[in-house]
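Colleague: Structure below; questions to follow.
The values are calculated or read from the model by the stated rules, or taken from the named source; none is laboratory data. These numbers were taken from a predicted model, which means no experiment stands behind them. Counting neighbours? That spans all protein chains shown, and the Cβs are built from the backbone with ideal geometry, glycine included.
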């Protein structure tokens, strides 16, 4: 990426995606504090006023980054959901896809969850967050209908399962869990979730 010339002429339509791609690189390499619209303009080879057509301020840029993150996560999860698989295998595959996304996008994920809990979160972002939950919610609801998972509010059960996975993702991000070990443990984690910890 770094070998590309900075001054590439952008058509009006793809300046926004170029700025977002640059912002995501900065986020990955230097963190959210290093993000600046002026710096992005310089790197993208446009006037310092040009990003203003797409992003009112840095907060708008962060919201757009979070939104693209949630949209990408949804695509990743939807692609990993295979309803024809036995339930435990299906949940393990989905959980591994979530964890893989979390490991590959640790800085972005942190930003996504920070924006998600902001009281001023936009309806568009709130809807994008909901869509990331859909594959898990669908799996839990379908498994309940087949009597494979306890009865109860499927959203609450999905939240508990999600909290477990997010905890592993957080442990991986802070270095407690090496990424490959975390990915390798997903089957075991899902098994414990589904069967509990009592000896059988």
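Colleague: Can you pull out every residue in the range 22-52 that is more than 15 Å from residue 111 (Cα to Cα) and within 19 Å of the chain's Cα centre (by Cα)?
Modeller: Residue satisfying the conditions is 22 alone.
Colleague: Listed residues 85, 40, 77, 65; which is free of Cβ contacts under 8 Å to residues at least 60 places away in the same chain, out of contact with any helix residue (DSSP H, G or I) (no Cβ under 6 Å at 6 or more places or on another chain) and either over 26 Å from residue 18 (Cβ atoms) or buried (at least 17 other Cβ atoms within 10 Å of the Cβ) (or both)?
Modeller: Criteria check complete, one pass: 85.
Colleague: Mind listing whichever residues of the range 117-128 are part of a helix (DSSP H, G or I) and within 18 Å of residue 35 (Cβ to Cβ)?
Modeller: 125 - this is the single residue of the range 117-128 that is part of a helix (DSSP H, G or I) and within 18 Å of residue 35 (Cβ to Cβ).
Colleague: Looking at (1) touching a helix residue (DSSP H, G or I) at 6+ places or on another chain (Cβ under 9 Å); (2) exposed (fewer than 15 other Cβ atoms within 10 Å of the Cβ), can you tell me which one residue 167 breaks?
Modeller: The failed condition is (1).
Colleague: Quick one: which of 152, 162 is in the same structural domain as residue 103 (by TED's automatic domain parsing), out of contact with any helix residue (DSSP H, G or I) (no Cβ under 6 Å at 6 or more places or on another chain) and not in a helix (DSSP H, G or I)? So that I can check it myself, show each step before the final result.
Modeller: Values: 162 fails: not in a helix (DSSP H, G or I).
After ruling out the rest, the residue left standing is 152.
Colleague: Further, regarding this structure: What are the residues in the range 76-105 that are in a loop (DSSP other than H, G, I, E, B) and within 20 Å of residue 171 (Cβ to Cβ), if any?
Modeller: 105
Colleague: Which count do you get for residues in the range 111-133 that are touching a residue at least 60 places away in the same chain (Cβ under 8 Å) and surrounded by fewer than 17 Cβ atoms within 10 Å (Cβ to Cβ)?
Modeller: Taking the range 111-133 and keeping what is touching a residue at least 60 places away in the same chain (Cβ under 8 Å), we get 111, 125, 128, 131-132.
Now narrow it down to the ones that are surrounded by fewer than 17 Cβ atoms within 10 Å (Cβ to Cβ): 131.
Total meeting the criteria: 1.
Colleague: Is it the case, given these coordinates, that residue 131 is part of a helix (DSSP H, G or I) and either touching a helix residue (DSSP H, G or I) at 6+ places or on another chain (Cβ under 7 Å) or at pLDDT below 95 (or both)?
Modeller: Yes, satisfied.
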